[in-house]
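Just below is one structure, and these are the notes that go with it.
The values are calculated or read from the model by the stated rules, or taken from the named source; none is laboratory data. Keep in mind that this is a model prediction, so the values were computed, not measured. Neighbour counts are summed over all protein chains in view; Cβ atoms, including those assigned to glycine, are modelled from backbone coordinates with ideal geometry.
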Amino acid sequence: MSNEKTVKRFSKFVIIAHWTNAISFIMLVLTGLPLFLGISVPDVLQIVHRVFAVTFLLPTPFMILMDRKGFMNWTKNAWSWKKHDFQFLAVFPLELIGKAKNIPKQDFFNGGQKLNSVLTIIGAIIMVCTGFIMWFKELFPKALVQWAYPVHDAGMAIMVAVIIGHIYLSVGHPASRPSFMGMTKGVVPESYAKEHHGRWYDELKEKNEI
Amino acid sequence: MAVEIAMLHDVEKCSACRGCSVACKQWKNLPADITPFDGEYQSHKDLSSKTYTLIRMKETMVNDKVRWDFLKFQCMHCGIAGCALGCPTKALKKEETGIVSHDNDLCIGCGYCEINCTFGVPHVDPVTKKSTKCNLCEDRVAKYIENGNDKKYMPACAKTCTADAILFGTREEMVKIANERLAVLKEKYPDACTYNVETNNSIKGGSMMYVLPYKPSVYGLPDEPQLAPSLGVWKETVQPVGKVLMGAAVVAVAGAAIVNTVTGGGKHGGDDHE
């Protein structure tokens, strides 16, 4: 694959935003999960958790300022659901064990990536809102603060489950592993684009971009 | 089973001398909490990490006369304690004696107890980052039980009370006295009631009990104390389901990884897809 032709997938801003978000998320889980699991940890982790809560927020304004086009491409695409996206999800369990046949051509983001994006966007909003309420609890009614805890925990559990799948698909899964290059070098092999994102590949062809 | 103990504040007998607050400070070795004078007799508005018990003083005008209502406010040692349920490290625990104890070594100062206490009792100390509250002089109570319910070892506040308004003994004794006193008070005060004696509410009563001449709300206590409804959802649904969900995700990807390694599935970059 080393001398294979590649196509541009993500700008360097998308890559910076993604990894800022990823590192923040992992640190938030590492510093928050002990409390969920009932493990006693040094209280300084509460401060570390808040530091990464702030860095977790940064990618959104960063993208809006630096690469609005890339940001809009992702957010718009994530919410556009067509028949082929649902078809992808229907065969996804088989794809996971390398047994899927006849997956319909996918957009720039496939059905799975769209689902990942939607859950990540909604999850992040929920975590930020409940986290804010818990951090500045003296500003809010007691009942709201009390409910923020179970909602923050539920959001965490869902997002961790999603991220476990996301990490496996990008670095572990044989079929989708080439996509990881998109988040490091910003490009993916042309063959990968053709096989996994057929509709995007066709668009690029039409526009004579490849 | 250990002896279940309880404390009873017979509000009608209380003279608001605040000897109990002072005795608490002394036994617990707590510094004075200097609060500004704001025109009221009540010394401290609320409990703090340095004040575990205080006397609430409420003035009410009745027929142009001042009526004083006093209440010894402190941890209620609830039958089902919101603080202990919310505590992620099990530093707070409802003991068999009825005491809600606090283990300083397990406490990480997260403040979940502050949020989930029905009565707003625990306070995390801003310096030590440890939660604080009355533990009913657990050390003294242990001696009390050890020495065959020797009154010499009752909690510091009860021992010092000059008006015999703070009583301490086995829960059984205290319930009996509370009900006897209630019958007496009822003749003079139609609204008289006991508090935390009955266990038919969501906090299942408490080991800090009261006999009150008036409704609980007169003393700033909730008439119907409620365990935070979010606690049940959080501890019985969200956390167990969350653990299963995260575990299932790990199992699913591990399973997929094993299947793909064994069968060589999908190795050719999805060549077999289209």
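Out of curiosity, is B:Gln226 more than 8 Å from chain A (Cβ to nearest Cβ) and within 17 Å of B:Leu85 (Cβ to Cβ)?
Taking the combined requirement at face value, the residue satisfies it.
Would you mind finding the one in A:Phe10, A:Phe56 that is more than 14 Å from chain B (Cβ to nearest Cβ), buried (at least 16 other Cβ atoms within 10 Å of the Cβ) and assigned to a loop (DSSP other than H, G, I, E, B)?
Checking each option against the conditions leaves just A:Phe10.
Mind checking which residues of the range A:136-147 are assigned to a helix (DSSP H, G or I) and either within 11 Å of chain B (Cβ to nearest Cβ) or buried (at least 18 other Cβ atoms within 10 Å of the Cβ) (or both)?
Result: A:Lys137, A:Glu138, A:Lys142, A:Ala143, A:Leu144, A:Val145, A:Gln146, A:Trp147.
Based on this model, can you work out whether B:Gly98 counts as at the interface with another protein chain (Cβ under 10 Å from one of its Cβ atoms), buried (at least 19 other Cβ atoms within 10 Å of the Cβ) and either touching a helix residue (DSSP H, G or I) at 6+ places or on another chain (Cβ under 7 Å) or charged (D, E, K, R) (or both)?
For B:Gly98, the condition - at the interface with another protein chain (Cβ under 10 Å from one of its Cβ atoms), buried (at least 19 other Cβ atoms within 10 Å of the Cβ) and either touching a helix residue (DSSP H, G or I) at 6+ places or on another chain (Cβ under 7 Å) or charged (D, E, K, R) (or both) - is not met.
Checking the condition more than 30 Å from B:Gly86 (Cβ to Cβ), among the β-branched types (Val, Ile, Thr) and either touching a strand residue (DSSP E or B) at 6+ places or on another chain (Cβ under 8 Å) or within 9 Å of chain A (Cβ to nearest Cβ) (or both), which residue from B:Ile177, B:Ile166 passes?
Answer to the check: B:Ile177.
Looking for something closer than 24 Å to B:Met246 by Cβ and modelled with pLDDT of 95 or more - is there at least one such residue anywhere in the range A:103-112?
no
Report, ordered by the first and then the second residue, all pairs with beta carbons closer than 6 Å, sequence separation of six or more or different chains, a first member in the range B:230-246 that is facing chain A (nearest Cβ under 7 Å), and a second member that is crowded, with 19+ Cβ neighbours inside 10 Å and small (Gly, Ala, Ser).
Correct list of pairs: B:Val238/A:Ala154; B:Gly242/A:Ala157; B:Leu245/A:Ala157; B:Leu245/A:Ala161; B:Met246/A:Ala157; B:Met246/A:Ala161.
For (1) more than 14 Å from chain B (Cβ to nearest Cβ); (2) closer than 28 Å to A:His197 by Cβ; (3) outside any helix (DSSP H, G or I), each residue gets a yes or a no:
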{"site": "A:Ile15", "(1), (2), (3)": "yes, yes, no"}
{"site": "A:Val29", "(1), (2), (3)": "no, no, no"}
{"site": "A:Phe52", "(1), (2), (3)": "yes, no, no"}
{"site": "A:Pro61", "(1), (2), (3)": "yes, no, no"}
{"site": "A:Ala78", "(1), (2), (3)": "yes, yes, no"}
{"site": "A:Phe86", "(1), (2), (3)": "yes, yes, no"}
{"site": "A:Glu95", "(1), (2), (3)": "no, yes, no"}
{"site": "A:Gly98", "(1), (2), (3)": "no, yes, yes"}
{"site": "A:Phe108", "(1), (2), (3)": "yes, yes, yes"}
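Please go through the range B:1-56 and pick out each residue that is part of a loop (DSSP other than H, G, I, E, B), of a type in the set (Asp, Glu) and over 22 Å from the mean Cα position of the chain (by Cα).
B:Asp38, B:Glu40 - these are the residues of the range B:1-56 that are part of a loop (DSSP other than H, G, I, E, B), of a type in the set (Asp, Glu) and over 22 Å from the mean Cα position of the chain (by Cα).
Can you find even one residue in the range B:58-73 that is within 14 Å of chain A (Cβ to nearest Cβ) and either within 26 Å of B:Lys215 (Cα to Cα) or of a type in the set (A, V, I, L, M) (or both)?
No, the conditions are met nowhere in the range B:58-73.
Out of curiosity, is B:Val121 touching a residue at least 60 places away in the same chain (Cβ under 8 Å), crowded, with 18+ Cβ neighbours inside 10 Å and not in a helix (DSSP H, G or I)?
yes
Of the residues B:Lys129, B:Lys133, only one is among the basic types (Lys, Arg) and surrounded by fewer than 21 Cβ atoms within 10 Å (Cβ to Cβ); which?
On inspection, the qualifying residue turns out to be B:Lys129.
Could you grab me the full set of residues in the range B:130-151 that are modelled with pLDDT under 95 and polar (S, T, N, Q)?
Within the range B:130-151, B:Asn147, B:Asn149 qualify.
Only one residue in A:Gly155, A:Gly165 is without any contact (Cβ under 8 Å) to a residue 60 or more places away in the chain, part of a helix (DSSP H, G or I) and within 13 Å of the chain's Cα centre (by Cα), so which one is that?
After applying the criteria, what remains is A:Gly165.
Would you mention how many residues in the range B:75-92 are within 9 Å of chain A (Cβ to nearest Cβ) and surrounded by fewer than 20 Cβ atoms within 10 Å (Cβ to Cβ)?
2
Would you be able to tell me the number of residues in the range B:95-121 that are under 29 Å from B:Glu173 (Cα atoms) and in contact with a His (Cβ under 8 Å, 6 or more places away or on another chain)?
Qualifying residue count for the region: 3.
Taking the range B:166-193 as the region of interest, how many residues are buried (at least 20 other Cβ atoms within 10 Å of the Cβ) and touching a Leu at 6+ places or on another chain (Cβ under 7 Å)?
Total satisfying the criteria: 4.
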